[in-house]
1. Give me the residue from segment 94-115 that is charged (D, E, K, R) and without any contact (Cβ under 8 Å) to a residue 40 or more places away in the chain and, out of that set, nearest to PHE34 (Cα to Cα).
2. Could you tell me whether VAL86 is of a type outside the set (Ser, Thr, Tyr), in contact with a helix residue (DSSP H, G or I) (Cβ under 6 Å, 6 or more places away or on another chain), within 17 Å of LEU110 (Cβ to Cβ) and at pLDDT 95 or above?
3. Tell me yes or no: at least one residue of segment 95-108 is of a type in the set (S, T, N, Q) and surrounded by 14 or more Cβ atoms within 10 Å (Cβ to Cβ).
4. I need every pair where a residue in segment 3-27 that is without any contact (Cβ under 8 Å) to a residue 60 or more places away in the chain and closer than 14 Å to ASP114 by Cα has its Cβ under 6 Å from the Cβ of a residue that is surrounded by fewer than 20 Cβ atoms within 10 Å (Cβ to Cβ) and polar (S, T, N, Q), sequence separation at least 6 or different chains.
5. Quick one: GLN118 ticks every box in (1) within 15 Å of THR37 (Cβ to Cβ); (2) without any contact (Cβ under 8 Å) to a residue 60 or more places away in the chain; (3) in a helix (DSSP H, G or I) bar one, so which box is it?
6. Name the pairs: first residue in segment 36-55 and modelled with pLDDT of 95 or more, second residue not in a helix (DSSP H, G or I), Cβ to Cβ under 6 Å, at least 6 apart or on different chains?
7. Could you run through segment 59-78 and say how many residues are among the polar types (S, T, N, Q) and within 15 Å of the chain's Cα centre (by Cα)?
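The values are calculated or read from the model by the stated rules, or taken from the named source; none is laboratory data. Predicted, not measured: the structure shown is a model, and the values here were computed from it. All Cβ positions, glycine included, derive from the backbone under ideal geometry; neighbour counts span all protein chains shown.
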Amino acid sequence: MTDKVVDACALAAVLFGEPDSKNMLARLDGHRLFAPTLLPYEIASIARKKLRLYPELHANIFGAVERFEQLDITFETVPPDQAFLVAAEFGITTYDASYLWLARVQGAELVTLDKLLQRAATSVEL
């Protein structure tokens, strides 16, 4: 079983049944998953945005948040100074940089749908 770092957009695709959900699920299934401690807050923020757009889907959106809480993900603390350095190096947000830093440290693949973050991840030698 290999390790993977999963970011919020990739996991949201799975949780909320977005178009890339099957692809993301296939990439994540059977692997140990890791994420920065900020992931639960990002998932909650995505859910809140979806609820504003689709209030009639409240039960489905809340259900996705509940499913998230049941996932076996190991959360790791990312030092803010390290997130800052990675963000400056690649021109990405510090939030995205925390996923990239963790992937570097874990020697793990970063699973994301964010094109800029994916480009940064593929330029990093793990």
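1. Of the residues in segment 94-115, the ones charged (D, E, K, R) are 96, 104, 109, 114-115.
Going one step further and asking which of them are without any contact (Cβ under 8 Å) to a residue 40 or more places away in the chain, we end up with 104, 115.
Working: ARG104: 12, LYS115: 20 Å.
Among residues in segment 94-115 that are charged (D, E, K, R) and without any contact (Cβ under 8 Å) to a residue 40 or more places away in the chain, the one nearest to PHE34 (Cα to Cα) is ARG104.
2. yes
3. Yes, because at least one residue in segment 95-108 is of a type in the set (S, T, N, Q) and surrounded by 14 or more Cβ atoms within 10 Å (Cβ to Cβ).
4. Nothing qualifies.
5. Unmet for GLN118, out of (1) within 15 Å of THR37 (Cβ to Cβ); (2) without any contact (Cβ under 8 Å) to a residue 60 or more places away in the chain; (3) in a helix (DSSP H, G or I): (1).
6. Close Cβ pairs (under 6 Å, with a partner that is not in a helix (DSSP H, G or I)) amount to PRO36/VAL78; THR37/PHE75; THR37/THR77.
7. First, the residues of segment 59-78 that are among the polar types (S, T, N, Q): 60, 70, 74, 77.
Filter once more, keeping what is within 15 Å of the chain's Cα centre (by Cα): 74, 77.
Count: 2.
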